[in-house]
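A.B. asks: Supplied in structure tokens, the structure appears directly below.
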Amino acid sequence: SRMLALTSQIKVFLCRLPTDMRKGFDGLSGMIANELQQDPLSGALFVFRNRRRDRLKLLYWDRDGYALWYKRLESGTFEFPRAKADESCTSISHHDLSLLLSGIDLRSVRRRKRYAHVA
């Protein structure tokens, strides 16, 4: 994830459904609009995984066009956090995405209470 600049201002959405990794810019942006009911041009980062959970694609709108980031693991899997059965996507923080990309199972992370300013 060195080439991917993650900041706290970026919204990150995980697609809960396994995705065909042959999909490119148009197929993934169509999924974002139609299946996830989100705006693919919002600047948010959308994360897709395959059925075996060893590949991820991240799609986002980067000012003047889509950018696509793809990762294939040589061993191991990506573990998405659990979601409600009716959720097609779930939002996570940029920090949690960094942990997920590093191989951390977010279910095993213990969080301490912190103040969060709500604007």
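A.B. asks: Say we look at region 25-68 and pick out the residues that are more than 18 Å from SER98 (Cβ to Cβ) and of a type in the set (Ser, Thr, Tyr); which of these is surrounded by the fewest Cβ atoms within 10 Å (Cβ to Cβ)?
C.D. replies: That would be SER42.
A.B. asks: Show the residue pairs meeting these rules: Cβ distance below 7 Å; 6+ apart or different chains; first residue within region 107-119 and surrounded by 10 or more Cβ atoms within 10 Å (Cβ to Cβ); second residue not charged (D, E, K, R).
C.D. replies: Correct list of pairs: VAL109/LEU99.
A.B. asks: Are any residues in region 43-100 assigned to a strand (DSSP E or B) and among the aliphatic types (A, V, I, L, M), and if so, which ones?
C.D. replies: Answer for region 43-100, where residues must be assigned to a strand (DSSP E or B) and among the aliphatic types (A, V, I, L, M): LEU45, VAL47, LEU56, LEU58, LEU59, ALA67, LEU68, ILE92.
A.B. asks: Against the condition within 19 Å of ILE10 (Cβ to Cβ), open to solvent by less than 60 Å² (accessible area, probe 1.4 Å) and either small (Gly, Ala, Ser) or touching a Phe, Trp or Tyr at 6+ places or on another chain (Cβ under 6 Å) (or both), how does PHE80 come out, does it pass?
C.D. replies: no
A.B. asks: Let me ask something else. Check whether at least one residue in region 6-15 is in a strand (DSSP E or B), touching a residue at least 12 places away in the same chain (Cβ under 8 Å) and more than 20 Å from VAL109 (Cβ to Cβ), and report yes or no.
C.D. replies: Yes, there is a match, as at least one residue in region 6-15 is in a strand (DSSP E or B), touching a residue at least 12 places away in the same chain (Cβ under 8 Å) and more than 20 Å from VAL109 (Cβ to Cβ).
A.B. asks: Does LEU73 satisfy the condition of being touching a strand residue (DSSP E or B) at 6+ places or on another chain (Cβ under 6 Å) and closer than 25 Å to ASP105 by Cβ?
C.D. replies: No; evaluated as a whole, the condition is false for this residue.
The values are calculated or read from the model by the stated rules, or taken from the named source; none is laboratory data. Not measured: the values here are computed from a predicted model. Cβ: placed from backbone, ideal geometry, glycine included. Neighbour counts: every protein chain shown. To get the accessible areas, we keep the full protein, side chains included, count just its heavy atoms, and leave off ligands, DNA and RNA. Shrake-Rupley method; radii C 1.70, N 1.55, O 1.52, S 1.80 Å.
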